[in-house]
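Some notes on the structure that comes next.
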Amino acid sequence: MDTSKQLTLKQAVAERIRGLLAERNLTQYRFEQISGITHGHLSHILYNKKGGSNNSLSLTTLLIIAQGFNMTMAEFLNKPIFNYENISVNKKI
């Protein structure tokens, strides 16, 4: 498996959000208003900012993002970018 092209889950989520924003002609600001996610939290995801002791995403955050796009979490994650072979997993939890 070529791990050089793998993304972290957070990077994959950011790529998916950017794609949906473009597809739906939404700005980051407008999506924040629709979803209720804070500007800081969404920026943290989209620009891969590291902060605090945890650089991962919670299921709650993923659910809020999916609902903001009027999707189920399954619909949001149903893209090849989220296939196991495309995601780099840090197995130290």
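Since every read-out is calculated from the coordinates, none of them should be taken as a lab result. Keep in mind that this is a model prediction, so the values were computed, not measured. Here Cβ is always computed from backbone atoms with ideal geometry, including for glycine, and neighbour counts include all displayed protein chains.
Odds and ends about this structure:
- Take 8-14, 34-40 and order them by the average number of nearby Cβ atoms within 10 Å per residue, most first; the result is 8-14, 34-40.
- The alpha carbon radius of gyration of region 7-86, expressed as a multiple of 2.2 N^0.38 Å, is 1.02.
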